[in-house]
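The next block holds one structure in the form of structure tokens; read it before the comments.
The values are calculated or read from the model by the stated rules, or taken from the named source; none is laboratory data. Quick caveat: nothing in here was measured; it's all calculated off a predicted structure. Ideal geometry is used to build each Cβ from the backbone, glycine not excepted, and the neighbour counts take in all protein chains shown. Surface areas here come from the heavy atoms of the whole protein model, side chains and all, with no ligands, DNA or RNA. Shrake-Rupley method; radii C 1.70, N 1.55, O 1.52, S 1.80 Å.
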Amino acid sequence: MSRSRESLFDRWFLAIFLIAILLFGGSARVDSVGLVIVRTLAIVAIAIALPYWVEERGRDRLQRCRPLLLLLAATAGWMLIQIIPLPAGLWSALPGHGELASRMTAAGVEIGWRPLALSPGRAIHSLLDLLVPLAVVLLVGRTSDQDLRQLPLRLLAFLGVAAVFGVLQLLGGEGAPYFHRITNTGAAVGFFANRNHHAVLLALYWPLLLWYVHGRADRAGSHAATLLGVLGGVAMMLAIMATGSRAGLAIGGVSFLVTSILLYRMRSAAVGTESAAKIVRLTLIASIAGTLAGAAAMLLFGAGFMDRLDQSDVVADLRFAVLPTLNAMIWHYAPFGGGFGSFEAAYKIVEPVNLLSLQYLNHAHNDYLELLIDGGFPALLLLVGWGVIVWRAAKRGWQHEQSAPTDRIGILVSLMMLAIFAAASLVDYPLRTPALAAMATLATVLVYRRPDIPSARRKGQKTSAGFR
């Protein structure tokens, strides 16, 4: 394969792979048909990417991505340990399993050999969920900086399609097309099963816009892209409001304001001449004012919007009512956890009588707590390890002697995306969908592979593109 064709293949394959995952990986349910598609795509992507990593040219990037690959390997190792069958005596002695063993014995059920995971099938599904992050690490790691600079525009275009699709679903009501059988019918969910997850995806518009503007090689194009992107961001903010997601609205609003501040402070390399910078700043101020005005109009005159924003469904109430039970579950199964993917089964065992209803809690709606319940303290160590990896990579890139201020914008883009996922995980489970897990992995890899500006713009302009 020629060099030009190889570059074209890399550029488009990465974008097509991510968009396909975003299309079909919008559900966290294990019975979702989309899981078959995204896992198959991940296996194909891994098979395509692996030859590069065993070649000599891939060894340098392998060194840079090694911490991420080791973290994925450690996570997979702990999941494998949780599904190893254990003798009845050892299984019964595990924290949280003894009471269940007594009930099984009283009911005449033979314990036999059982794994630590209370739901072994769900634990295997959790292990297979690592295929998508692994594929993203391998694909992004082998893609050149120049090819990576083509990626944000394609992702922004997909976000635009998703936003329009969500609004059409809202207008179409229950008769509108949905990608998933179990979903928020009548709401704007886009290609997801959950409107909150759709809102989180749309909130990524602003860091992706910053990434795209940051990577423009031509000043005039950067100027136009900034103006159009900011105006598109206003529409994106209104699309988030249409989802009725309170968490999405808060996260999207903060993301919008932070990106606006960064764009406001960026100088010539981001927007061209000083006069062009003034135009962009005025556009930003007008966009913020327009968004606030649109929000006020929806609050005052959009009765349906207020109904969705203020509705107190059972799951929303449970997020707070169930917290004491979740805290107790953490220590009940500590230090090893009840097994990845076993939350639903574990919660049914201890579900308080006063919280029983026709609805069921399939996730804790706080991914940090659910991670501790399922994976125990080893999972907490893995989470801390991921935080250390990101922090060290960001610090090294920020303090590198050859780093221009523009390079630091790339680091900020990655950290903004990760902050969006971290905040959303406090009240939901976005990273349990393959789609958002792929985007979070992309952001993590980009801390190592920053979306640096073209060398033509960097030469002789090392400080002009940053902050004054």
Rounded to one decimal in nm, the spacing of the 7 Å Cα→Cβ label points at residue 50 and residue 84 is 2.4 nm
Ranked output for segments 239-249, 342-352, 82-92, 129-139 by mean other Cβ atoms within 10 Å, highest leading, reads 239-249, 129-139, 342-352, 82-92
Given a Förster distance of 25 Å, the FRET efficiency implied by the Cβ-Cβ spacing of residue 73 and residue 391, rounded to the nearest 0.05, works out to 0.80
If the chain between residue 168 and residue 349 were fully extended at 0.36 nm per residue, the gain over the current Cα-Cα distance would be 61.1 nm
If R0 = 30 Å, then residue 64 and residue 12, at their Cβ-Cβ distance, give a FRET efficiency to the nearest 0.05 of 0.80
Ordering 325-337, 354-366 by per-residue average of other C-beta atoms within 10 angstrom, highest first, gives 325-337, 354-366
The range 35-156 accessible area per residue, 1.4 Å probe, protein heavy atoms, integer Å², reads 48 Å²
Under the Karplus relation with 6.51, -1.76 and 1.60 and θ = phi - 60°, whole-Hz ³J(HN,Hα) for the range 139-149, x at Gly and Pro, equal 6, 5, x, 9, 8, 6, 4, 5, 5, 5, 5
Descending packing, highest mean Cβ count within 10 Å first, for 427-436, 409-418, 200-209 is 200-209, 427-436, 409-418
